[in-house]
Amino acid sequence: MQNKRRRFKDLVIPKKRFGQNFLIDNNVIENIINSAELDKNTLVIEIGPGLGAITRGLCEDGGFVLSYEIDYSILPYLKENTKEYDNIKIINQDILKSDILSDIENIDFKYDKIYVVANLPYYITTPIILKLLESKIDIKRYIFMIQLEVANRICGNPKTKDYNDLSILIGYKAKATKLFEVKNTSFFPAPKVSSAVIKLDTYEKLPYKATNEEIFYKIIKESFEKRRKTFYNNLNSYYDDETINNLYDEFKLNPNIRAEELSIQDFVNIANYLNENDRLVIYAHSKINLALEVMDLKDNYHMVNNLMIPITLYDKLSFEKSDEIILLDNNIKDNIIIKAAKLFIEHFKINGGVKIKLEKNIPIAAGLAGGSTDGAAVLKGLNKLYNVSASSDELKKLAEKLGSDVPFFIDEEVALCTNRGEKINPLNIKVKPIKLLLIKPISSLSTKEVYENYNYDGVSKKEKIDNIIDSLKNNDIDKLKQNIFNDLTVPALKLNKELKILYNNLKKEYDVYLSGSGPTLFIINPKDSSVKKIEEKYKDLFVYLCYTK
């Protein structure tokens, strides 16, 4: 063993960036090759041959070996160790970036089956396996050397700690078997973890067929990303209560069932049911402004530094595919929901429409961006409904065309929004939920008029904004309350007498602030007794207790 270790050190230095751990145990090498059960009609795709420890045996037993090695510096040694074989082609390329199908078409070898054999780098095990399984290549068998923990997950059974999304994603297309475990001393250098060899035999015909695999994959991903939640609560992020309750009745599911209790067949059946009753739900959260610095005009628009944070007050939008764009129970044709739907469908050339149902909870014209968040929700909803997979940045660019505040609601994260408000600078702060009481008078305000009545004083508020950010990082509520400001407060109070009276009355007892261009006011961390008192005194107004999101 020591001689082999010295030889490896003399030949090549293993590279961490490629996850190189060279296999040096001849018994393991032989077991891997025998497990593949190759014959001369087999085309073998090998990933990560290294110095060729397994490659020679594949050439001996298989018909042709297509070997992918990312590290050009070890190619001379690999070629030297396989020079006696004429049934191998070595490709110096990252397997994740390779056009494998094209490479297969360019070799002169007639095969009746394709197998994959690989000692996979641990850091990219899952992407490689999923790429191969989702490809159009008719691969019959996979033999993988992978990290033991991942092997246990892939081969995991329902109701066990190992069972997860990977168990289902792979088990949907192949029968997974753990063949044997491998000690870390079988490698040079020795990794810190143990390994295992698994076999995946792909199904000729899928035992359970998802009619819409995008929905199937989406449900699996969401269910296991939030594993501690019940399956119901995970579905509730995308589907309305009626659809989920009907699904639970259909399959007689326990209300508290979790994802790890469901089999692959269960997930397929659920996905197929939801595909047939496809209705998606998006929650469009509102916001408040912790800082709103309004500066001078540029191209007829006021420049702003607008620090916004999403809150738990939301509108609920349900989406169903349709032949045309329809907003149910609404006669207004030219609103932001319709505009957003038209914009998305035209931009991505969608062949179809959408039926949208809006459950409106955010007051209109309240300084809470109810319209803007609905517009963003439509973009996000259609992105999911039609499986477009547009990135957050792509959606934000579309959102800019709908209004300055709309891009903020694509990610719904605390952010400093600059320029006209459309440039989003996430603060990447994990803010502990802050209790809020919203109070809105009956009358409304015109955002345009409020801005027109604002006079820029030329004084920078940067220090206050920095203090607010610091207070959020440290959960310092007192410091936060001392620094919150809104430059539009003065013109809003000037234009709306009802708001001014309400503001002055509340100000006698509480620290009260204006959100956006108004007229909604908010109080931070009110006592329960204060909430009750305000609710009783202003029972004819919109009074709502919520939290930062």
Fill in the blank from the handout: Scoring only Lys, Arg, Asp and Glu (+1, +1, -1, -1) among other residues with Cβ under 12 Å from the Cβ of residue 541 yields -1
Exercise for the section: For region 376-416, with all protein chains present and a 1.4 Å probe, just round the carbon and sulfur fraction of the accessible area to a whole percent. Expected result: 40 percent
Problem - region 232-320 - charge dipole about Cα centre, Lys and Arg +1 at Cβ, Asp and Glu -1, debye rounded to 20 - result: 300 debye
Exercise for the section: Please go through region 448-509 and write out the trypsin sites (Lys or Arg not before Pro) that DSSP classes as loop and that have at most 15 other C-beta atoms within 10 Å. Expected result: 508
Handout entry: Simple Cβ-charge dipole of the chain, Lys/Arg +1 and Asp/Glu -1, about Cα centre, in debye nearest 20
Key = 1400 debye
Handout entry: Neighbourhood net charge (15 Å Cβ-Cβ; Lys/Arg +1, Asp/Glu -1) for residue 203
Key = +3
Practice task
Looking at the chain, send over the antiparallel percent of its DSSP beta bridges, to the nearest 5.
Solution key: 70 percent
Practice task
Specify which residue in the list 124, 158, 180 is farthest towards the positive end of the charge dipole of region 115-212, using unit charges on the beta carbon of Lys, Arg (+1) and Asp, Glu (-1), about the Cα centre.
Solution key: 158
Handout entry: Surface accessible to a 1.4 Å probe, per residue, for the residues of the chain, Å²
Key = 49 Å²
Practice task
Give the shape of region 30-77 as rounded, prolate or oblate, defined through the alpha-carbon gyration tensor: a ≥ b ≥ c are the square roots of its eigenvalues, a/c under 1.5 means rounded, and otherwise the shape is prolate if a/b is larger than b/c and oblate if not.
Solution key: prolate
Problem - Counted charge near residue 292, where neighbours are those whose Cβ lies closer than 10 Å (Asp, Glu -1; Lys, Arg +1) - result: -1
Handout entry: For region 330-431: rounded, prolate or oblate by the Cα gyration tensor [a/c cutoff 1.5]
Key = oblate
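Roughly how many debye, to the nearest 20, is the charge dipole of region 380-504 about its Cα centre, given +1 on each Lys and Arg Cβ, -1 on each Asp and Glu Cβ, and no other charges?
Working: 21 positive and 18 negative charges, 55 e Å.
Computed charge dipole of region 380-504: roughly 260 debye.
The values are calculated or read from the model by the stated rules, or taken from the named source; none is laboratory data. Computed from a predicted structure; not experimentally measured. With ideal geometry, Cβ positions are generated from the backbone for all residues, glycine too; neighbour counts draw on all protein chains shown. Each accessible area value is taken on the protein alone, full model and side chains, heavy atoms only, with ligands, DNA and RNA left out. Shrake-Rupley method; radii C 1.70, N 1.55, O 1.52, S 1.80 Å.
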